[in-house]
Amino acid sequence: NLDIETNAEDQLTIGGIEATKLVQQYGTPLNVYDVARIRSQIRKFKKVFEEEQTEYEVSYASKAFSSIAIFQVMSQENMHIDVVSGGELYTALQAHFPASQISFHGNNKSREELSMALENHVGTIIVDNFHELELLQSLLEEQPTTVNIILRVAPGVSAHTHEYDQTGQIDSKFGFDIDSGQADQAFEIVNQNSNLNLIGIHGHIGSQIFESEGFDLEVERLMQLLVHWKKRYDFVSEVLNVGGGFGIQYVGTDNPPAPEELVRQIIQNVRQAAEQNHLPLPAIWIEPGRSLVGPAGYSLYTIGSRKDIPNYQPYVSVDGGMGDNIRPALYQADYSGVVANKVHAPVVENVRISGKYCESGDILIKNQPLPETKPGDIFAILATGAYGYSMASNYNRNPRPAVVFVENDRAQIVIKRETFQDLVNLDSEYFINIGGNY
Ligand code: LLP
């Protein structure tokens with residue numbers, strides 16, 4: 001089963017603090033991160049690169065969880081980060097994250113977003129398409145500066161994972177197609193503009209990947225392209241960015257390799273291909289999101305109502321659901337959990353953990369073993385740190401939860417709980433036809 005810590009009273013602890021204490025202080029639903037665990041995974045990734053003696057960058061894909069506090073942690077760890085929108089970029093800049101360590105991604109960056117990136121001197125723009133190249137060229141005429149770019153290509157590889165999470169296959173909205181010559185055409189456009197400094201290529205094949213085969217193929221395709229560009233243009237790439245996607249354990253039956261071991265194999269494959277083709281070894285960049293923050297996150301809920309139907313599995317409802325974690329409804333994602341105030345109490349039933357949202361599909365866990373529970377018990381869902389809060393909504397006008405970071409036996413709010421007032425802050429009253437004839 002998943003790694004958790006409990007104390008002598010059989011209470012779930014997170015970074016040394018009892019989950020029930022956090023709940024008393026901050027309420028539910030509550031998202032909690034064990035920051036030491038994030039730092040530890042960062043260091044594992046970096047250690048593999050050090051052991052393999054490769055130039056590298058580990059770039060946190062911040063779409064997994066973006067906030068000022070997480071950017072501060074990433075900055076303390078001397079990480080790079082990826083942002084995919086003006087909003088993520090703004091958040092990183094508000095956190096005083098060094099712009100030179102930011103990569104800007106996205107398949108439809110607006111003129112305003114690109115201008116913001118240039119103005120703030122982000123380290124790298126990962127260019128996805130021809131429209132973006134045109135926007136960049138026109139912006140660089142108005143705001144002359146030099147910018148490092150990486151061309152994103154579609155490596156034509158499908159990772160063995162849920163279809164919504166596949167991005168590398170040929171029929172994908174992301175990146176330049178290789179076989180039809182789009183990548184070459186992009187290279188030539190970039191080559192003609194001295195303000196665009198091409199430092200490498202990028203590929204990303206999907207998310208929540210457990211097998212190495214997809215990465216093997218990806219590296220093969222990307223290295224083939226670099227060999228081709230060496231021959232055709234005498235271009236030597238400084239950087240090979242292989243994207244993210246390293247899978248994590250959500251339930252006991254998941255058995256992923258350690259994310260850093262997938263990376264080790266990537267490094268070895270790149271080295272081998274470089275040697276075979278007499279190319280210098282490029283710096284290898286990775287972009288993990290889920291594997292950095294997923295396992296470190298917990299969602300704490302209060303158990304409320306239940307419904308028992310003869311011959312069916314009971315529903316046990318909690319005070320959150322698809323608004324703070326859309327993944328089960330959207331991807332049929334599996335999670336596991338524990339009753340935080342009696343983790344090892346004997347199991348008496350298997351239930352469905354349902355949320356409070358007005359949809360039958362709002363089931364967070366389809367088959368959860370539970371001890372005897374009563375309203376007021378605290379249910380903790382594990383490994384919710386990636387794409388949970390970051391995909392949260394105000395559906396049913398439920399306020400989004402608070403987020404707490406725990407480290408060194410101390411806890412601190414890093415995103416406040418939304419209030420009802422927050423929910424109406426952007427609303428305005430309607431006046432056309434009020435009091436009129438309609
Ligand atoms: N790099 C690029 C270009 C990406 O598109 C992504 C994720 C990553 C890196 C990070 O992938 P990770 O290491 O987190 O797997 N909402 C979905 C996942 C969407 C992933 C989008 N791109 C989910 O909850 O499963």
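Some observations on this one:
- Residues within region 159-176 that are within 11 Å of the ligand (Cβ to nearest atom), at pLDDT 65 or above and crowded, with 23+ Cβ neighbours inside 10 Å, tallied: 2
- A count restricted to region 17-59 and to residues that are more than 24 Å from Ser317 (Cα to Cα) and within 25 Å of the chain's Cα centre (by Cα) stands at 23.
- Remark: pairs (first residue in region 400-429, closer than 30 Å to Ile38 by Cβ; second residue of a type in the set (Gly, Ala, Ser) and part of a helix (DSSP H, G or I); Cβ separation under 9 Å; 6+ apart in sequence or on different chains) = Val403/Ala69; Phe405/Ala69; Val406/Ala36; Glu407/Ala36; Asn408/Ala36; Gln412/Ala69; Val414/Ala69; Ile415/Ala69.
- Against the conditions (1) of a type outside the set (Ser, Thr, Tyr); (2) more than 16 Å from the ligand (Cβ to nearest atom); (3) under 30 Å from Glu261 (Cα atoms); (4) at pLDDT 95 or above, His202 satisfies every one except (2).
- When the residues of region 364-405 are filtered to those that are within 14 Å of the ligand (Cβ to nearest atom) and surrounded by fewer than 24 Cβ atoms within 10 Å (Cβ to Cβ), the one that is farthest from Ala329 (Cα to Cα) is Ser390.
- Any hit, region 177-194, residues being within 16 Å of the ligand (Cβ to nearest atom), over 19 Å from Asn108 (Cβ atoms) and not hydrophobic (A, V, I, L, M, F, W, C): no
- Residue tally, condition crowded, with 17+ Cβ neighbours inside 10 Å and assigned to a helix (DSSP H, G or I), over region 201-227: 10
- So Ser66, is it within 22 Å of Ile149 (Cα to Cα) and touching a residue at least 12 places away in the same chain (Cβ under 8 Å): no
- Positions within region 116-153 being part of a helix (DSSP H, G or I), in contact with a Gly (Cβ under 8 Å, 6 or more places away or on another chain) and either among the charged types (D, E, K, R) or more than 21 Å from His96 (Cβ to Cβ) (or both), in sequence order: none
- Residue that is out of contact with any His (no Cβ under 7 Å at 6 or more places or on another chain), more than 16 Å from the ligand (Cβ to nearest atom), under 24 Å from Pro399 (Cα atoms) and not aromatic (Phe, Trp, Tyr), where the choices are Arg271, Arg352: Arg352
- Within region 228-267, being within 14 Å of the ligand (Cβ to nearest atom) and in a helix (DSSP H, G or I) holds for Pro259, Glu260, Leu262, Val263, Ile266.
- Residue ranges of strands (runs of 3 or more DSSP E) in region 24-112 with at least 1 members under 30 Å from Pro257 (Cβ atoms) and away from the ligand (no atom under 16 Å from the Cβ): 30-34
The values are calculated or read from the model by the stated rules, or taken from the named source; none is laboratory data. Computed from a prediction, not measured in an experiment: that's the story for all the values here. For neighbour counting, all protein chains shown are included, and Cβ atoms are generated from backbone atoms with ideal geometry for every residue, glycine included.
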